[in-house]
Amino acid sequence: MSPTPAAVRFQALPSRESITAADLRDKVVLVVGACGSHGRAAALGAARAGAVVVLAGRRVPALERLYDEL
């Protein structure tokens, strides 16, 4: 089966121990559970590292507050 034009390509990052801010620069990071404390911290850290951050969560007001911080 050949990939469709809308197929998404994923690029693996180095192992967790060796990820640096430079590894995230200009990457797209999807943060699921961004309303919680761990997701919020991950989103803020990825944004500081220069990543494009996509937020997902169940509490819209909390997502909007986090978006405003980014």
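The values are calculated or read from the model by the stated rules, or taken from the named source; none is laboratory data. Keep in mind that what you see is a predicted model, and the values were worked out from it rather than measured. Positions of Cβ are backbone-derived with ideal geometry, glycine not excepted, and every protein chain shown enters the neighbour counts.
Miscellaneous remarks
- Of all residues in region 3-53 being of a type in the set (Ser, Thr, Tyr) and assigned to a loop (DSSP other than H, G, I, E, B), the one that is modelled with the lowest pLDDT: Thr4
- Close Cβ contacts (under 8 Å, 6 or more residues apart or on different chains) running from residues in region 40-60 that are surrounded by 13 or more Cβ atoms within 10 Å (Cβ to Cβ) to residues that are aromatic (Phe, Trp, Tyr) comprise Leu55/Tyr67.
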